[in-house]
Amino acid sequence: MDKAKTNILCVSAMLLSSSLSFAQEAPLSLSASIGAEYDDNISVSALDTTTGQSDEALIVDFSAGYMAMKSETTELELVYDLYQSKHNSLSDFDLQIHTLSAFGSREVGDKDLGLYYSYSMVDLGGEDLYDSHSLTPSLGLALAEGWYNRFSYSLVVKDFASDSGRDATQNSVSADNYYFFMDNAAYITLGAKLEREDTDNNELDYQALYIKTAISIPLHYNNKKVIDFKGKYERYWRDYDNVTFSIGKKRDDNQDLIGLEFIKAINENVDVVFDYEYTNTQSNLPSVDAEGNVISLKIAMDF
């Protein structure tokens, strides 16, 4: 869903190449995926809700991008994304997200300046959940051969439809470091983020540290690529500023996340994608303290 991340990686690869090619490309790009998902613990992190119940869901994702401007040094892409989940039993947890976004980048010498904006409308169970605006300026540069480094600041403003106490302003700073190898066909990444969220309900104000590491690599057999593999590990420490009334103390959350993804190309435009994600959230707030496993299988198309 996150188009900005895709664009950043493309820019990273171009900056590390010894020569650049600027062939004419169609300004309109389309991508879509459809598949099935099994979640053994349906939850909504935005509401601090965990059900302890499992369910299957149909998952649909669609994206349309328009390259409004493209030159040797400048790009501007406009994107619309739609995400929809339809559960077999727990329809109150059907999720729909509409996102309009714009991503611009400009190369200035050996640096890449970026600016990303998005507006999202999130519905849960057929009802408005919240709207959000996000703005992220970034600076990317290659500090060493094979490495690409990205530094960014992000502002997110959330407006909840029926729980105004969760209305929030979020500020964060991030550093992400990519190392490319196998002629830029593979990379590893290390990243860290400091985040501060101020909400209308003082119980929900927090500060957090996030760390992540990931790898993306093609796997070969007899010198022929068989499948693409992506793996990631993420952890956060989130400390709340004020006492949570229901537990009589300040809330403290930690989470570990492990993700595995296998991508098998059927042809130039179609992939089969298998995903597995495990989360373990430790919290002194019982409604959040939980483990979860999510497995999905989908067909993804790019045009």
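The values are calculated or read from the model by the stated rules, or taken from the named source; none is laboratory data. None of the values given here were measured: they were computed from a predicted structure. Every residue, glycine among them, receives a Cβ derived from its backbone with ideal geometry; neighbour counts consider all protein chains shown.
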Residue 20 meets each of (1) touching a helix residue (DSSP H, G or I) at 6+ places or on another chain (Cβ under 9 Å); (2) at pLDDT 95 or above; (3) not basic (Lys, Arg) with one exception, condition (2)
Of those in the range 170-185 that are over 19 Å from the mean Cα position of the chain (by Cα) and free of Cβ contacts under 8 Å to residues at least 40 places away in the same chain, the residue surrounded by the most Cβ atoms within 10 Å (Cβ to Cβ) is 179
Checking residue 255 against (1) surrounded by 14 or more Cβ atoms within 10 Å (Cβ to Cβ); (2) free of Cβ contacts under 8 Å to residues at least 24 places away in the same chain; (3) not aliphatic (A, V, I, L, M), only one condition comes out false. Which one? (2)
Tally of residues being surrounded by 15 or more Cβ atoms within 10 Å (Cβ to Cβ) and under 30 Å from residue 40 (Cα atoms) across the range 87-120: 10
Which residue, of 61, 55, is closer than 30 Å to residue 140 by Cα and either surrounded by fewer than 14 Cβ atoms within 10 Å (Cβ to Cβ) or modelled with pLDDT of 95 or more (or both)? 61
Going by what's in this entry, would residue 218 be described as in contact with a strand residue (DSSP E or B) (Cβ under 7 Å, 6 or more places away or on another chain) and either among the basic types (Lys, Arg) or under 26 Å from residue 103 (Cα atoms) (or both)? no
Per the list (1) closer than 20 Å to residue 298 by Cα; (2) hydrophobic (A, V, I, L, M, F, W, C); (3) free of Cβ contacts under 8 Å to residues at least 40 places away in the same chain, residue check on residue 76 breaks on (1)
Criterion violated by residue 300 - all others in (1) farther than 30 Å from residue 53 by Cβ; (2) touching a residue at least 60 places away in the same chain (Cβ under 8 Å) satisfied: (1)
Elements of type strands (runs of 3 or more DSSP E) contained in the range 176-272, each with 3 or more residues being within 17 Å of residue 289 (Cα to Cα): 224-244, 249-265
The one condition in (1) in contact (Cβ under 8 Å) with a residue 12 or more places away in the chain; (2) more than 15 Å from the chain's Cα centre (by Cα) that residue 134 fails to fulfil: (2)
Taking the condition loosely packed, with under 14 Cβ neighbours inside 10 Å and acidic (Asp, Glu), does residue 72 pass? yes
Take residue 37 and decide whether it is assigned to a strand (DSSP E or B), of a type in the set (Asp, Glu), farther than 20 Å from residue 122 by Cβ and at pLDDT 95 or above. no
Condition first: at pLDDT 95 or above, within 24 Å of residue 49 (Cα to Cα) and among the basic types (Lys, Arg). Can you find one or more residues in the range 262-271 that meet it? no
Working carefully through the options 128, 123, find the one that is assigned to a strand (DSSP E or B), over 20 Å from residue 189 (Cα atoms) and over 19 Å from the mean Cα position of the chain (by Cα). 128
Tell me, yes or no, whether the range 274-291 has at least one residue that is out of contact with any strand residue (DSSP E or B) (no Cβ under 6 Å at 6 or more places or on another chain), exposed (fewer than 15 other Cβ atoms within 10 Å of the Cβ) and free of Cβ contacts under 8 Å to residues at least 40 places away in the same chain. yes
